[in-house]
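Worksheet: one structure, shown below.
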Amino acid sequence: MNIFRITGDVSHLLAMIMLLWKMWKSKTCAGISGKSQLLFALVFSTRYLDLFSTFISVYNTGMKIVFLLCSYFTIYTIYGKLRKTYNSENDTFRMEFLLVPVIGLSFLENYEFTPLEILWTFSIYLESVAILPQLFMISKTGEAETITTHYLFFLGLYRALYLANWIWRYHTEGFYDQIAIVSGVVQTIFYCDFFYLYVTKVLKGKKLSLPMPV
């Protein structure tokens with residue numbers, strides 16, 4: 001554990017709570033990609049299967065359970081309680097374009113060819129691209145609500161902090177996880193343009209807008 005890992009976890013948790021708070025306060029899930037949330041739920045479900053076999057610490061177990069609960073509660077809110085406000089006509093990113101190559105890569109590039117290890121690798125690869133349906137949705141609609149942009153900012157900050165965590169661990173422990181680091185870099189790259197727009201527009205009170213997809 002180090003400051004980067006802890007603040008990264010807090011940023012991740014804050015992003016999820018912020019999204020839930022936004023939906024429950026406004027009674028709408030407009031502008032939120034249900035497909036991205038489904039992908040994130042799949043990420044947590046395949047990554048945290050070791051809850052049933054391995055105990056690392058109370059903190060580790062507690063955070064896993066909280067992330068799973070928040071993720072599935074978000075899905076319930078979008079597709080259940082607030083389904084009438086869900087903009088399915090704008091959430092059109094085809095998930096198979098992400099799932100098929102990620103599944104294939106998980107079988108080709110992993111540390112050990114066992115079910116749990118392949119599923120863990122799958123979750124790492126999938127997390128790096130799971131936000132794409134949300135970014136595509138923002139591009140399609142032309143703009144995003146402020147609370148949604150805050151959610152994306154803290155989600156991107158979590159990933160950037162985790163990169164710092166890997167760098168810290170390499171220098172202090174000699175530990176190096178190539179799959180997690182490369183996937184984290186890819187995920188952070190997707191947020192780069194968003195970070196710039198967040199700082200130059202959202203923090204100045206302007207609405208964030210992204211160019212329409214080609």
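The values are calculated or read from the model by the stated rules, or taken from the named source; none is laboratory data. In this text, all values refer to a predicted model and were calculated from it rather than measured experimentally. As a convention, Cβ positions derive from the backbone with ideal geometry for all residues, glycine included, and neighbour counts pool all protein chains shown. Heavy atoms of the whole protein, side chains included, go into the accessibility calculation; ligands, DNA and RNA do not. Shrake-Rupley method; radii C 1.70, N 1.55, O 1.52, S 1.80 Å.
Taking chymotrypsin sites (Phe, Trp or Tyr not before Pro) as exposed when DSSP calls them loop and at most 12 other C-beta atoms lie within 10 angstrom, the chain has its longest site-free stretch at 114-174. Work out which GluC sites (Glu not before Pro) in the chain are exposed loop sites (DSSP not H, G, I, E or B, at most 11 other Cβ within 10 Å) and give the longest gap free of them. Answer - 113-214. Placing unit charges on the Cβ atoms of the charged side chains and taking the dipole of segment 106-166 about its Cα centre, the candidate lying farthest along the positive direction among PHE154, SER106, SER128 is PHE154.
Using only the C-alpha atoms, the convex hull of segment 1-134 corresponds to 118 Å³ per residue. Hey, what angle do you get for helix 132-141 against the long axis of the chain, alpha-carbon based, 0 to 90 degrees rounded to 10? Long axis of 132-141 versus the principal axis of the chain: about 10 degrees. Compared with the dominant Cα axis of the chain, that is its longest principal axis, helix 3-26 is turned about 30°. In this simple spin-label approximation, LEU20 and PHE97 carry label points 7 Å from Cα along the Cα→Cβ vector, and these lie 3.1 nm apart. Calculated [222 nm] ellipticity per residue, helices only, for the chain: -23000 deg cm²/dmol; basis is -39500 (n - 2.57) per DSSP H run with n ≥ 4, divided by all residues, nearest 500.
What is the dipole size for the chain, taken about its Cα centre, with +1 at each Lys and Arg Cβ and -1 at each Asp and Glu Cβ, in debye to the nearest 20? List each step's numbers first, then the result.
Numbers: 18 positive and 14 negative charges, 216 e Å.
Its charge dipole is roughly 1040 debye.
Counting other Cβ atoms within 10 Å, which trypsin sites (Lys or Arg not before Pro) in segment 75-139 have at most 11 and lie in a DSSP loop? Those that pass, being in a loop and sparsely packed, are ARG94. Ordered from largest to smallest accessible area (heavy atoms of protein chains, 1.4 Å probe), the residues HIS150, HIS171, HIS12 come out as HIS171, HIS150, HIS12. For the residues VAL182, VAL129, VAL102, a GNM of the chain with alpha-carbon springs under 10 Å puts the largest fluctuation on VAL182. Enter the angle in degrees (range 0 to 90, nearest 10) between the Cα long axis of helix 58-76 and the first principal axis of the Cα atoms of the chain, meaning the one along which they spread out most. Roughly 30 degrees, rounded to the nearest 10.
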